[in-house]
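Structure first, commentary second.
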Amino acid sequence: MTDDPPIGADFDEHGEVAERNLRILEAILFASADPLSPAEIAPHLGEGADIPVLLEQLARRYAGRGVNLVRRGDRWAFRTADDLSFLLRREEKESRQLSRSALETLAIIAYHQPATRAEVEEVRGVASGGGTFDILMQTGWVRMRGRRRTPGRPVTYGTTEAFLDHFGLESLADLPGLEELRGSGLLSSRLPPAFQVPLPFDGPLRDDEDPLDPDDRGESDPVE
Amino acid sequence: MTDDPPIGADFDEHGEVAERNLRILEAILFASADPLSPAEIAPHLGEGADIPVLLEQLARRYAGRGVNLVRRGDRWAFRTADDLSFLLRREEKESRQLSRSALETLAIIAYHQPATRAEVEEVRGVASGGGTFDILMQTGWVRMRGRRRTPGRPVTYGTTEAFLDHFGLESLADLPGLEELRGSGLLSSRLPPAFQVPLPFDGPLRDDEDPLDPDDRGESDPVE
Amino acid sequence: MSDTSQDWFATPDAPRDDEILYVDVDGYEGPLDLLLDLARRQKVDLGKISVLALAEQYLGFIETIREKRIEIAADYLVMAAWLAYLKSRLMVPQAPSDDEPTGEMMAALLQFRLKRLEAMRKAAMQLVNRPRLGRDVFARGQPEPVLVERRNLWEASLYDLLKAYASGRERGIPQDYHLFERTVWSLQEAREILARLIGDSMDWVPLDAYLDQYLTNPEQRKTAMASSFASSLELARQGQIELRQTLTFGPLFMRRRQGDGKNN
């Protein structure tokens, strides 16, 4: 293959028009969300353009390339070349969105850490399903820090290095405070005077935190 | 794998490997709607592939076509050619239309970045509604970068790669009229421009955006 | 284009009444926007405008608004105070010992700010008229699921996170909470207003004396003075500004501290 596909033959007196039509055809097929029929393409090209010929010509140009112009019924579309299909993603690798409640729980853990599950629920005003914490642990962004030295010895949660890394934070101190959340419009300016945003803490264990035993899996959690 | 990259001549002894890499590169970039970084592409290519050279070569092949390979910050993507916009133009989505003040704020952030909210307000001479920054962050074009190392430790804002992609800029150096603005001293925040006029900067944290000391988790605002 | 010879000291044309009445403060985004519009009406290059005429027009406009007893935002009043001071500096000859800013310097500063704002507006228009993705230029319409290593399987942006936090916290605020109508300038507000006013002024400005003129409501005057003063002390403590008072009960001068901040 060469840098210039064999278009030399196209440059007869109509070559320039044909070349222009090929560029338009290429752009339209590239940008379209669906395969296109010649009838759908026609309005975009100049009068009298021979669309089937142009399509064949474009398909020839892309033959042997990483992407091919293929025909599906009477419609046309660009597709990754068959022999490169190993590049196509396998099912299980799909990226996933965190649910709203998971995102909110994560944010509260980040700001209020070290925080127990009960404390997170108190801030949220609703009970978190056990599944939420499981998912957050799966993301690798949340960890169990220790156990609070209070009745019931609840597990305290905090964020991880991977959390900082994913969200592009140098440190937890980079999380915006009350004034900035307000200034950027995320918090409304009509807040009670007592409203505060805590300073997150991810240092070593606090006085009221005990370390986890190596085999402690956080058994107070109803969901394993 | 080869050490020397004699790719210019496609049909020498290394031509076949280079051609295969080009096909894979083409397939991956063609398939993705979002710009991709060399690091994201690398795992799919043979060991030792010179990705920057391959990207340049692929970009040359597509120059002048209906679809071009363009650079957006550190990433690359196929986009329909600029000059075909009159044929392809679609109505802007309502949600993407920015108010005059949001647009002005976006421009000030883009040309003065990293910029704090107070600096944006100083240029505009008026308090920005918090909603403006919120909307700009929702578009994905503006992000919080870090904190300025000055009293009050205000959050600094900058633009994203999605900003470059949306406005068709290879880098911030492509911002319209940048040289002229710089030459006339209008990008400095002081009068007269006594020292070097700053250029907009979206790289990693700057000297005056130092990360916080580990024990400094000061709330932004001592006046409350 | 006949008045290009005007300089800062030129006698301003008396602002025409009809011109002023067309100006609706609601249509402006702050005092600088209003000034820029007034300057544009002089129909000359921003570098050649008569700053004195501009100050007169602005002050005349604020006067009209106040006569109609229309509420006007603090930003406009603070700008009026600054322009009144600018006007006095332009009209009164400078004493040699005087280390207050010269009228020319203040006028140049104002021109700089107007030019900068106009330049940013032009830049915004150029930006918005570029070939834009999804409007003029398009990405692949049928992206194919090619395997691309992402850093994480889970997708969430910092913005998503902060948004979730803020909305979660706001939901927890009792609904029956009523904010009392605030007629005071909070310390935060006063601080921000001062920062916008003296932001890039490197020279002494006697803010309080002039601010006083434009705050007619005694209640508002008190709160503005108290908050501005307290805020200026706070800004001074933080090393952002310097304060000076030459005689007891004399005007309080303030300026940005030399060499602060960015180079530090």
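Brief remarks follow.
- Other-copy label distances relative to B:GLY177, 7 angstrom Cα-Cβ extension, nm: 3.7
- The separation of segment A:26-85 from segment A:109-155, counted between C-alpha centres, amounts to 54 Å.
- Calculated FRET efficiency for the pair A:GLU170/C:ARG66, C-beta based, R₀ 56 Å, to 0.05: 0.70
- Exposure proxy order (Cβ contacts within 10 Å, fewest to most) of A:SER99, B:SER184: A:SER99, B:SER184
- Residues whose amide H comes within less than 5 Å of that of C:VAL137, counting only those at least five positions distant or on another chain, are C:ARG132 (H built at 1.01 Å from N in the peptide plane).
- A simple charge model with +1 on the Cβ of Lys and Arg, -1 on the Cβ of Asp and Glu and nothing else charged puts the dipole of segment A:119-220 at about 380 debye relative to its Cα centre.
- Förster radius 56 Å - calculated FRET efficiency between A:ALA194 and A:ARG96 (Cβ-Cβ, nearest 0.05): 0.90
- The mean number of Cβ atoms from other chains found within 10 Å of a Cβ in peptide A:19-30 is 6, as a whole number.
- Peptide A:158-167 has a mean of 2 when you count, residue by residue, the C-beta atoms of other protein chains within 10 Å of its C-beta.
- Inter-label distance, nm, simple model (7 Å from Cα along the C-beta direction), C:GLU242/A:GLU122: 5.0
- Shown for A:GLU16: label points 7 Å from Cα along the beta-carbon vector, and their distances to the equivalent points in the other copies, 4.3 nm in ascending order.
- Averaged over the residues of peptide B:74-85, the number of Cβ atoms from other protein chains lying within 10 Å of each residue's Cβ is 6.
- Only the Cβ atoms of Lys and Arg (+1) and of Asp and Glu (-1) were treated as charged; on that basis the dipole of segment A:59-163 about its Cα centre amounts to roughly 340 debye.
- Between the listed residues A:LEU84, A:LEU136, A:TYR111, the Cα displaced farthest toward the positive end of the dipole of segment A:69-224, a dipole computed from Cβ unit charges relative to the Cα centre, is found at A:LEU84.
- Label sites at B:ASP82 and B:GLU179, each approximated as a point 7 angstrom past Cα along Cα to Cβ, lie 1.4 nm apart.
- Ascending list, in nanometres, of distances separating the A:GLU47 label from those of the other copies (7 Å, Cα toward Cβ): 6.3
- Restricting the GluC sites (Glu not before Pro) of segment B:94-182 to loop positions (DSSP other than H, G, I, E, B) with no more than 14 neighbouring Cβ atoms within 10 Å leaves B:GLU170.
- For the residue pairs C:LYS43/C:LYS122; C:LYS115/C:LYS163; C:LYS48/C:LYS68, the alpha carbons lie more than 24 Å apart in C:LYS115/C:LYS163; C:LYS48/C:LYS68.
Values in this text are rule-based calculations from the coordinates and carry no lab data. Quick caveat: nothing in here was measured; it's all calculated off a predicted structure. For neighbour counting, all protein chains shown are included, and Cβ atoms are generated from backbone atoms with ideal geometry for every residue, glycine included.
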